[in-house]
Amino acid sequence: MKKLLYLGVLLGLAVSACNKAPISEGSVTIWRRYAVAQGDSLKIEWLKVDGTDGYVLYDNSSGTLQPIDTLEGDTILSYVFGTVCTQVGVSTILDGELGDPGTVDLSLTALDTTVLYSRNDPDTTHYGYFRVDLNTGDIILVDSAHRYQSYGFLKGPQDTITFHSSYILYENDAGVRLYRETTASSLDEMTKAPAPSDSGWSTVNFDSAGVALAAGDLFYFWVDECGIGAPGWTSLDLFGKMEVLSVSGYTVTVRCRWQTGVFALRWLK
């Protein structure tokens, strides 16, 4: 299990250094990629290429990487992408010839299955608390003795399990939220998490009624990196999507995918 990433610096440069979506270098060197507009859009910045006529921007929202916009001159060195996709890029253009694009890969983590437990489970080896590794999206179970380190927990009697955030009782650093998806029929159809202001997100407070879980449920998942007393979107948050595979006794089996390449980006294609 990789070490959890604990961040306290909110400066843009520090955040962009932690965003790790793979970059391939072409005729242009991309040096920053980060979420803007509360995770609705992706901004990239690149190094100036002297003498170019301009820059061409690309995304693969059509299925393949294609030009979508052109910037004239060599002085504009950033661009905001607003269409959900899994790859963006930028290249030079000189005398009508396009250079090879430098690209950013926005692929999600591989589908990962995790078994969770209600904290009411009498089996003491079944830990009912959990946290999420912000680097990998791994869900890490936490025993009750260390529940102060948890982001969330499950509770309830057999076959009647609810999902809860630990904030602020046990962990004043982060909390977890769910948004029940009712229009998609699979995780593949869920390509963008709702805006943080959407009232459909579950509360981050631990004393809420919680979110009932049943087999077949689909959710968007938001790890809200609250800081102390400041829940809401920040550039250190993590978004993913989750399917409940089964609820049996005190056990809930889920599978998730996460956007770990760029913190706080809500694109989940």
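The values are calculated or read from the model by the stated rules, or taken from the named source; none is laboratory data. This structure is a prediction, so every number in the text was calculated from the model and none was measured. So basically every Cβ, Gly included, is an ideal-geometry build from the backbone, and we count neighbours across all protein chains shown. Please note that ligands, DNA and RNA were not included when accessible areas were found on the heavy atoms of the full protein model with its side chains. Shrake-Rupley method; radii C 1.70, N 1.55, O 1.52, S 1.80 Å.
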For this session: For residue 26, enumerate residues with amide H under 5 Å from its amide H, sequence gap 5+ or separate chain, H modeled in the peptide plane.
Result: 102, 103
For this session: With a 10 Å radius around each residue's Cβ, average the other Cβ atoms per peptide and rank 100-113, 26-39, 232-245, highest first.
Result: 232-245, 26-39, 100-113
Exercise. Residue-wise, which Karplus ³J(HN,Hα) couplings in Hz belong to segment 241-250, taking 6.51 cos²θ - 1.76 cosθ + 1.60, θ = phi - 60°, and x for glycine or proline?
Worked result: 9, 9, 10, 8, 7, 7, 10, 9, x, 9
For this session: Hey, can you grab everything whose amide H is under 5 Å from the amide H of residue 192? Only 5+ residues off in sequence or another chain; H modelled, so Pro and N-termini drop out.
Result: 268
Exercise. Pick from 129, 151, 250: which residue has the top mean-square fluctuation in a GNM of the chain where Cα pairs under 10 Å get a spring?
Worked result: 250
Exercise. In the chain, what percent of the accessible surface is made up of carbon and sulfur (1.4 Å probe, ligands and nucleic acids excluded)?
Worked result: 50 percent
For this session: May I ask for the net charge around residue 222, where only other residues with Cβ less than 12 Å from the Cβ of residue 222 are counted and Lys, Arg are +1 while Asp, Glu are -1?
Result: -1
Seminar exercise, completed: The rounded separation in angstrom of the Cα centers of segment 34-69 and segment 244-264 is 31 Å
Exercise. Which residues' amide hydrogens lie under 5 Å from the amide hydrogen of residue 238, considering only partners 5 or more residues apart or on another chain, with H built in the peptide plane?
Worked result: 223, 225, 264
For this session: Would you mind telling me which residue in 187, 94, 57 has the biggest mean-square fluctuation in a Gaussian network model of the chain, where springs connect alpha carbons within a distance under 10 angstrom?
Result: 94
Seminar exercise, completed: When the chain is treated as a Gaussian network with springs between alpha carbons less than 10 Å apart, the largest mean-square fluctuation among 186, 41, 165 is found at 186
Seminar exercise, completed: Placing one equal point scatterer on each C-alpha of the chain and summing with Debye, one gets log10 I(q)/I(0) at q = 0.09, 0.10, 0.17 Å⁻¹ equal to -0.45, -0.54, -1.24
For this session: May I ask you to give the solvent-accessible area per residue for the chain, in square angstrom, as obtained with a 1.4 angstrom probe?
Result: 44 Å²
Problem set entry | Inter-part distance where segment 80-155 and segment 221-235 are each reduced to a Cα centre, Å | 15 Å
For this session: Take the Cα radius of gyration of segment 210-269 and divide it by 2.2 N^0.38 Å, with N its residue count; two decimals is plenty.
Result: 1.29
Exercise. What share of all Cα pairs of segment 151-269, in percent, falls into each consecutive 5 Å distance bin?
Worked result: 2, 12, 22, 24, 21, 13, 5, 0
Problem set entry | Counting DSSP beta bridges with both ends in the chain, the antiparallel % (nearest 5) | 100 percent
Exercise. Looking at this model, which pairs from 155/269; 43/269; 155/192; 20/43; 241/269 are more than 20 angstrom apart at the alpha-carbon?
Worked result: 155/269; 155/192
Problem set entry | Under Karplus coefficients 6.51, -1.76 and 1.60, residue-wise ³J(HN,Hα) of segment 122-133 in Hz, glycine/proline x | x, 6, 5, 8, 9, 7, x, 10, 8, 9, 10, 6
